[in-house]
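Enquirer: I have a structure I would like to understand better, so I am pasting it below and will then ask my questions one at a time.
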Amino acid sequence: MEPNKTTTAPLINLSQKLDGTEDTAAFARHVAEGLSQTQKTLLSRYFYDGQGSRLFQQIMELPEYYLTRCEFEVLQTHKQAIAAHFSDPGFFHLVDLGAGDALKTKILLQELTQSQKGFDYVPVDISGDAMQQLRGTLQKEMPLLEVQAVVGEYFSALDWMHQHKPDRKVVLFLGSNIGNFKEAESQNFLRSVRRYLKAGDKLLLGVDLRKDPETVLKAYSDASGVTAAFNLNLLTRINRELGGNFNLEQFRHYALYNPQDGVMRSFLVSKIEQEVHIGALQQSYHFDAWETIHTENSHKYTLPQVEALASASGFKVEKVFQDKQCRFADVLLTVAS
Ligand code: AVJ
């Protein structure tokens, strides 16, 4: 008989809705706000419904999307050093913000368990499905690992941690997710994370580095059109969840990289002059021919910029881990005293 597994705790659900899906009212409000501005915008956080998450999985497998492979290489190459830094000085809670399927984190989990470091794993994600699944796979693949999956927003989770998991914390924010924030927002985000941490706590931050602009551009406008489908799926989601009548044939994906500020910008462009009605908002929106909806920023950093961002948010750089081609970095930050 299989021994009882006492290490995998039940899921903690901190999201308002029981199924862990996002609040439709907030979605409606954000869409109404975004489409009423002179420069129309939609928030990139809404990419990740069921279909969007599947499309993002496909993006990560694209030959053009170097980010995931490079970060894999970083973690694979430096896992021993990273594990040693994490476990210095002792037991810690490993908090994985936006864990998803934790494919990259598993490299570190394996290394940490093999080298018998004292820690437990707290994956955090807004997707209840993803956390349910991850709990299951980890139970099978690493039965001795202590897992506490949390469904909710980053800061609800850090709040919960503050009350229930008082020991030293190592926070993971991988995959260049920081890149989606505007300049000031990324500082605010790191400052807010910092407020939940104490001396000795650490943060491993995945950042995409500056490189040949052509390489960056291709990663966001791939030949097979997966990124276009990912971007256009935002309109499908509005149609389904908010009763919109966007005609996907009349919009195109357009990605633009500016090597001067290191910002990759993604747009949906209206091919014709048109009106789009959104039932839940009781509102029509006018599009001129070739008018744009801005949907995403993906920042590319220099290492001095990362250092400046860290120190402006109360961290200091302990160590920089990079792939061989220096395309991507996982930067280990410690709480500045
Ligand atoms: C998940 C935010 C890191 O910006 O590179 C991929 C999302 N957008 N292709 C990124 C994305 C278009 C991705 N992040």
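The values are calculated or read from the model by the stated rules, or taken from the named source; none is laboratory data. Please read these numbers as outputs of a predicted model, since none were measured by experiment. Using ideal geometry, Cβ is built from the backbone for each residue, glycine included, and neighbour counts are taken over all protein chains shown.
Enquirer: Scan the range 205-215 for residues that are over 18 Å from the mean Cα position of the chain (by Cα) and either on the phi > 0 side of the Ramachandran plot or within 12 Å of the ligand (Cβ to nearest atom) (or both) and report the count.
Expert: Result for the range 205-215: 0.
Enquirer: Another question about this same structure. Ser284 is checked against (1) assigned to a strand (DSSP E or B); (2) more than 30 Å from Val170 (Cβ to Cβ); (3) within 16 Å of the ligand (Cβ to nearest atom) and fails just one. What number does that condition carry?
Expert: (3)
Enquirer: Shifting gears a bit: Out of Arg237, Arg168, report the one residue that is farther than 30 Å from Phe119 by Cα and not polar (S, T, N, Q).
Expert: Of Arg237, Arg168, the one residue that is farther than 30 Å from Phe119 by Cα and not polar (S, T, N, Q) is Arg237.
Enquirer: Just wondering, is there one or more residues in the range 113-126 that are in contact with an Asp or Glu (Cβ under 8 Å, 6 or more places away or on another chain) and surrounded by fewer than 17 Cβ atoms within 10 Å (Cβ to Cβ)?
Expert: No, the conditions are met nowhere in the range 113-126.
Enquirer: Just the residues that are in a helix (DSSP H, G or I) and not hydroxyl-bearing (Ser, Thr, Tyr), please, taken from the range 177-189.
Expert: Matches in the range 177-189: Asn177, Ile178, Gly179, Asn180, Glu183, Ala184, Glu185, Gln187, Asn188, Phe189.
Enquirer: Considering only the range 214-257, how many residues are among the acidic types (Asp, Glu) and within 20 Å of Asp288 (Cα to Cα)?
Expert: Counting residues in the range 214-257 that are among the acidic types (Asp, Glu) and within 20 Å of Asp288 (Cα to Cα) gives 1.
Enquirer: Tally time: how many residues in the range 177-193 are over 20 Å from Asp330 (Cβ atoms) and within 16 Å of the ligand (Cβ to nearest atom)?
Expert: The number of residues fulfilling the criteria is 3.
Enquirer: Kindly indicate the residue of the range 29-87 that is away from the ligand (no atom under 16 Å from the Cβ), of a type in the set (S, T, N, Q) and part of a helix (DSSP H, G or I) and also surrounded by the most Cβ atoms within 10 Å (Cβ to Cβ) among those meeting that condition.
Expert: It comes out as Thr77.
Enquirer: Here is a check on your reading of the model: is Gly244 within 25 Å of Gly52 (Cβ to Cβ), among the small types (Gly, Ala, Ser) and out of contact with any Cys (no Cβ under 9 Å at 6 or more places or on another chain)?
Expert: The answer is yes for Gly244.
Enquirer: Sort out which residues of the range 290-337 are of a type in the set (Ser, Thr, Tyr) and closer than 22 Å to Met264 by Cβ, and write them in order of number.
Expert: Within the range 290-337, Thr292, Thr295, Ser298, Tyr301, Thr302 qualify.
Enquirer: So how many residues does the range 89-132 have that are among the β-branched types (Val, Ile, Thr) and either part of a strand (DSSP E or B) or not assigned by TED's automatic domain parsing to the domain that holds Gly175 (or both)?
Expert: Summing the residues that are among the β-branched types (Val, Ile, Thr) and either part of a strand (DSSP E or B) or not assigned by TED's automatic domain parsing to the domain that holds Gly175 (or both) in the range 89-132 gives 3.
The rows are residues; the columns are (1) outside any loop (DSSP other than H, G, I, E, B); (2) within 16 Å of the ligand (Cβ to nearest atom).
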{"residue": "Ala157", "(1), (2)": "yes, no"}
{"residue": "Val170", "(1), (2)": "yes, no"}
{"residue": "Gly175", "(1), (2)": "no, yes"}
{"residue": "Gly200", "(1), (2)": "no, no"}
{"residue": "Leu203", "(1), (2)": "yes, no"}
{"residue": "Lys218", "(1), (2)": "yes, yes"}
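Enquirer: For Gln260, are the conditions met, namely being more than 22 Å from the chain's Cα centre (by Cα) and under 29 Å from Ala26 (Cβ atoms)?
Expert: no
Enquirer: Kindly check whether there is at least one residue in the range 253-262 that is among the aromatic types (Phe, Trp, Tyr), within 12 Å of the ligand (Cβ to nearest atom), modelled with pLDDT of 95 or more and under 30 Å from Arg210 (Cα atoms).
Expert: yes
Enquirer: For the range 56-75, give me each residue that is over 14 Å from the mean Cα position of the chain (by Cα) and either farther than 16 Å from Leu332 by Cβ or acidic (Asp, Glu) (or both).
Expert: Across the range 56-75, the qualifying residues are Gln58, Glu61, Leu62, Pro63, Glu64, Tyr65, Tyr66, Arg69, Cys70, Phe72, Glu73.
Enquirer: Taking into account only those residues within the range 293-302 that are within 16 Å of the ligand (Cβ to nearest atom) and either surrounded by fewer than 19 Cβ atoms within 10 Å (Cβ to Cβ) or not in a loop (DSSP other than H, G, I, E, B) (or both), which is nearest to the chain's Cα centre (by Cα)?
Expert: Ser298
Enquirer: Can you confirm whether Gln163 is more than 13 Å from the ligand (Cβ to nearest atom) and under 26 Å from Cys326 (Cβ atoms)?
Expert: In short, no.
Enquirer: Asn233 versus (1) under 21 Å from Leu42 (Cβ atoms); (2) away from the ligand (no atom under 13 Å from the Cβ); (3) assigned by TED's automatic domain parsing to the domain that holds Ala255: which is the lone unmet condition?
Expert: (2)
Enquirer: Could you list all residues from the range 140-155 that are modelled with pLDDT under 95 and in a helix (DSSP H, G or I)?
Expert: Once the filter is applied, which keeps residues that are modelled with pLDDT under 95 and in a helix (DSSP H, G or I), the range 140-155 yields Tyr154, Phe155.
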